[in-house]
Every structure is written in structure tokens, then in C-alpha cells.
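Reviewing the structure listed below.
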Amino acid sequence: MTITQTSAAAPATGTPPHTAHRRRRRRTDAAGAYLLLMTLAVLFVGPFVWLVLAAVKTKAEWVAIPAEVLPDTFQWGNFTRALTEINFPAYLGNSLFLSFLYAILVTMSSAAVGFGFARLRGHGKRPLFLLLLSTMMLPQILTLIPTYVLFARAGLVDTYWPWVLWGLAASPYLVFLFRQFFAAIPAELEDAAVIDGCGYGRIFLQIFLPLSRPVLWTAFLLSFTWIWGDYIAPALFLDPDHTTLSVAIAGFYRDPHGNPDATVQAAAAALYVVPVLAIFLFAQRYFIRGVVGSGLKG
Amino acid sequence: MAPERARRGRRSWKRYSSRTFYLFVSPWIIGFTLLTALPLGYALLVSLTNFNGRTDRWRWIGLRNYRELFGDADAVASLVRTLAYTAIAVPLMVAGGLGLAVLLNRRLKGVGLFRTIFFLPSVVPVVAMAIMWKLILNRDAGILNALLEKVSIGPIAWLVDPNAFYALIILTLWGLGGGMVIMLAALQGVPAELEEAAAVDGASRWHVLRHITVPMISPAIFFQVVTGVIAALQIIIQPLLLAETNQVGSVAQVPQNTHLFMVQVYQEFFANNRYGYGSAMLWVFFLVILLITVVVQRSSRLWVHYEVDSEADR
């Protein structure tokens, strides 16, 4: 940090030609930055565009060599076929049901656990919190397969009970998010309630929860998209009739020869990502809060 | 009299508070016990048996699964591959996220739009991600090969050996927006005067980035490295879904180059029905991940600067 010490003398050396030069340099800089940003933006958006283009092509256009960028006529029929070739509404219903179920349960349980770690005192709280933090680092896939084996023996496979249990068990990641938020709320609020003879149950429900609406939304939206986008758990735990849209889209679109039906699958995938993108675009700040809040203030 | 009552009151309050604490955190304690500790413990027991997941006729075989694992060339190769993937993907992810964040951390018009665009892919479900990239990387109909042909590079089979590995890296990198957002938030906490002062002193932009910005945000970078390493080690769905196959999720058709350790574990469990052996693999992997995490944590002392330490300098 020696640079900060020498910097005090620097402003005096700024002469007019110098600043003109710098302004010009800044303008070419901005142009260069925009060029770079545009190129990168094309790379990041490209896959979405190519997906939608594939979804409106005929099969012949899709396999044509050299690749054709635009179809002759837009094949909107691919979307109807995506909806009817498999039982799309049923899988959509399963996905929505599981996502809502898990998101509501895990948001409430994580809020309660986060409140406990933020505002209450108890023996062994510190080691418990360290344990919670270390489970954030535990790859979920390690426990998922043995959980599957156990649940299969307990008859919980091919039911939605695993999602209920996962939801009730709270997510360490969201607990941490809530804990950070609750810990920042001034103590006077809670002290006043305690003096009035208010129990912690009511303090949590009537004071803290109403204050934490933004974090509740963040937790709900994050957990909703986790389940909506999950592949491995429904693939393992659910039979093909009760599975989610993600599993159905990944594997159920077949042409009569049993090969993947690329254009119809693309249409289905487009339908499948639209809700996520819509939620994301309207609620981006909640996602940013979720990603940043968990990562930085450790 | 009064202090006695107060003390008793305080003690019962303490007891009430402690009980309430456990009441509030009980969902996680019970959940952790039943859904994390129990499965891991169960896997440890199963790893000492020859259980095949179907019949109840199994017996204890001691450490034989573990001994077999160290001589299992396929398993060892898949572990090495996983480590290689981690060693390549994580630095690229972190550097890419940092690069984008630095680009976006200036007062330019439309920066918010670009941030949205770069962040967007990281919320796309993995199934959709795999479908999108298979459409792009398709050998015959994909746009990437069509573009490469314009500069006379012959069609490349991206989704099979040996290129499948690059396809996996590309897919991973597309989702680096989450890390970018964390870096961007960290960058916004770096006092602008510090960087400006250095620039006025004639420090090149690279110099400022290397010696001021990066040390200032090293906790965020460290967080990215830790979570990135753990995410990279456990990767399984992407290789399964990227494989060109008629049967999605079938392990048999995953290319050799993306046959990572968890894919191998999955195969032992669900294709070979070797639950005992697969459980042993899970436990060895668990220990490997633990070891790597500890090493990364230790290394942080060398390069991560926390606010508390730098306070004295400023």
C-alpha cells in the first residue's frame, strides 16, 4: 500500500494538455469496452437465440448442411407438438407442485433456523453454526445416492415425500442468508417486545418475518428455481409418470425411430426456460441479493 | 430478596431462551441428522459389504472394496480426470468472472443491461443448458461448426472423444455470471480513490488491477475458488446430459473424456448394482474433497487479505 502514500502529491501535476489527452483516451477506452461487451453479449445470448431458431425449423432445415440460420416459414407447430407429444401439462403440474411445495417449506424452515442462530442463545450454538457452515461446503451429490438407497428401502421412492422432508429440513445456504439479515436488525425492537411479555414465537412471526419480506422473496425464488431446474433428484426418485418437466424434456421426446426429436425438444426446452427467465428478469435484484448476500458477508 | 428473585428470573429466562433456540433450529438439526449424517453413515456401513441393492443376501467384507478401489484403473483415471477438469475449469471461471466484473465496474451507459445478459445463463436449468449447447455443438447442424467452416476448419465432433471435454468446459464457462455478480459487488466496495491515485501516479491499468484491486477483493475471489472447486468436483449431470445418446441418463454412452468420478460412482451403483463398492467410492471421494478444501483454506493465508489486516496499512 505504498501507492496511497505517494498519491498526495499527484494532483498538482495535472496540466490542461494532459487532461485533454486523458479525455480522448477515455473516449477510445469506452468504445473499446463497448465493442468487447457487445461481442461477449452475443456469446452469452447466442444459445438462447439458436434454441428458439431450432424450435421453429422443420426437421429438414435443422439437419441441412450447411446450417441454415433462418427457417423458410416459422414452424410454430413444433410448439403444439411439444405440448401434445408427451403429457406436457402433467409434467408441468408436477414441476410446479414440487417447486412450490419445496420453496414454501424450505423458506419457512430456513427463516426459523436463521432466526434461532441470529437472535437466540443456547448451549453449543457456536459449534452448531460452524457445522451448518461446513455442510454448505458438502457436495449434495454425496448424500443424494445413499439417501436414495435408504428411501427406496423405506418406500419413499416414487412419492413426493422426499421433497417435503428436504423442505422441512431447511437449507444451510438459506439459513445463512436469513441469519445475516436477522442479525442486522436492532435489538431494541425485540427487547421492547420481550418486556411486553411477548414470546419468541410471536416475536419471530409478528416482528421479524414482516420485516424480512425481501429476504423471504429471495429465498423463495432461489429455492423455486433449484427444484424447477433440478434433474438428478427427480430422475432418481420419481418414476416416469410422476417425474418433473426437466426429466421429461431431457429424455422423452422421440421420433418414431427412437432418436431424439431435436426441433420439438428445442421447442419444449424454450417453453421450459421461459418461466425462469421471466422470473429472473422481473426479480433480478432478489437473485443478486441471494448470490451476493451468501457470498460476501461471511 | 430482590437480587435473588432477579437471579432466578435470569436463570429461568436463560433456560427459556436456550430451549427456544433449540426449538427454532430443530428443523435443521433433525434434517441434518436424518438427511445428511444418516445417509453418510449408512454409506460407510454399506461400503464394508458386498450389497447389490436388490437382494438382502449380503455380507461384511471389511475393507476389500477400498483395497479394490486403489487398484481400479478406471476409477483412478476418472478421479484424475475430475481433478484435471477442476484445475482447468475453476481458474477459467474465476478469471472470467473477475474479467467481466472489471469490465462492468465503470460508469458506462447500459452496464445494467450487460450485467443482466451475463448473469442470465447462470439461472438456466441444467437440462435446458445441455439442450442449447448440444444444438450449438452438433457436428452437422450446429452453428459453431457452420461458423468454423467459413474459416475452413473442418467439422469438429464436439460431443464425443476427445473434444467432449472442451464442450463440458464451454458449458461450465457459460454459467460464470453468478461469480461475476459476487465479484462486481466486491469491486464496488473498493474505494475508487485508491485506484485513481495509483493511476495518477502512472501505474498501468494492469498494475492497478494486479496490486490494488485483486488484493482488495481477494476474500470474494477466495469464496469463488472454494465454491467453484466443490461444484467442479461433484459435477455429474452435465456429462450425462451432454452425451450423444438415445437413452438420456445412461452412463454407458458418456464419452471417456467426460467420464468423471461421480459418473463412475453412478455407474457402479445403477448400472453395475455394486452398492457396496459405489459407497466406498463415495467415502473416498468425500475424504478427497475434505482434503482439497483444507488445502485451499490453508493456502488462503498466503494470498487472501481480509479487511482487518489491511486496516493498519490504510
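Some points to look at:
- Residues within segment A:106-130 that are open to solvent by 50 Å² or more (accessible area, probe 1.4 Å) and not basic (Lys, Arg), tallied: 4
- Filtered residues of segment A:33-63 (kept if among the small types (Gly, Ala, Ser) and open to solvent by 20 Å² or more (accessible area, probe 1.4 Å)): A:Gly46, A:Ala60
- Some residue of segment B:211-223 being within 8 Å of chain A (Cβ to nearest Cβ), open to solvent by 30 Å² or more (accessible area, probe 1.4 Å) and touching a helix residue (DSSP H, G or I) at 6+ places or on another chain (Cβ under 7 Å): yes
- In segment B:17-29, the residues that are under 12 Å from A:Ala111 (Cα atoms) reach residues that are outside any helix (DSSP H, G or I) and among the small types (Gly, Ala, Ser) with C-beta atoms within less than 6 angstrom, at least six apart or across chains, in these pairs: B:Pro27/A:Ala170; B:Trp28/A:Ala170.
- For the residues B:Leu144, B:Leu137, the requirement of being within 13 Å of chain A (Cβ to nearest Cβ), among the aliphatic types (A, V, I, L, M) and open to solvent by less than 40 Å² (accessible area, probe 1.4 Å) singles out B:Leu137.
- Helices (runs of 4 or more DSSP H) fully within segment B:139-195 counting 2 or more residues that are under 24 Å from the mean Cα position of the chain (by Cα) and hydroxyl-bearing (Ser, Thr, Tyr): B:164-174
- Scanning segment B:38-69 for residues that are exposed (fewer than 14 other Cβ atoms within 10 Å of the Cβ) and within 25 Å of the chain's Cα centre (by Cα) returns a single hit, B:Gly41.
- Count of residues meeting criterion [part of a loop (DSSP other than H, G, I, E, B) and either closer than 13 Å to A:Val149 by Cβ or in contact (Cβ under 8 Å) with a residue 60 or more places away in the chain (or both)] in segment B:35-55: 7
- Counting residues in segment A:179-198 that are closer than 30 Å to B:Ala43 by Cβ and open to solvent by less than 20 Å² (accessible area, probe 1.4 Å) gives zero.
- Total residues in segment A:79-105, condition within 19 Å of A:Leu216 (Cβ to Cβ) and buried (at least 20 other Cβ atoms within 10 Å of the Cβ): 4
- Hits in segment A:131-171 (condition: of a type in the set (Ser, Thr, Tyr) and open to solvent by less than 20 Å² (accessible area, probe 1.4 Å)): A:Thr143, A:Thr147, A:Ser171
The values are calculated or read from the model by the stated rules, or taken from the named source; none is laboratory data. Remember, it's a predicted structure, so these values are computed and weren't measured experimentally. For neighbour counting, all protein chains shown are included, and Cβ atoms are generated from backbone atoms with ideal geometry for every residue, glycine included. Each accessible area value is taken on the protein alone, full model and side chains, heavy atoms only, with ligands, DNA and RNA left out. Shrake-Rupley method; radii C 1.70, N 1.55, O 1.52, S 1.80 Å.
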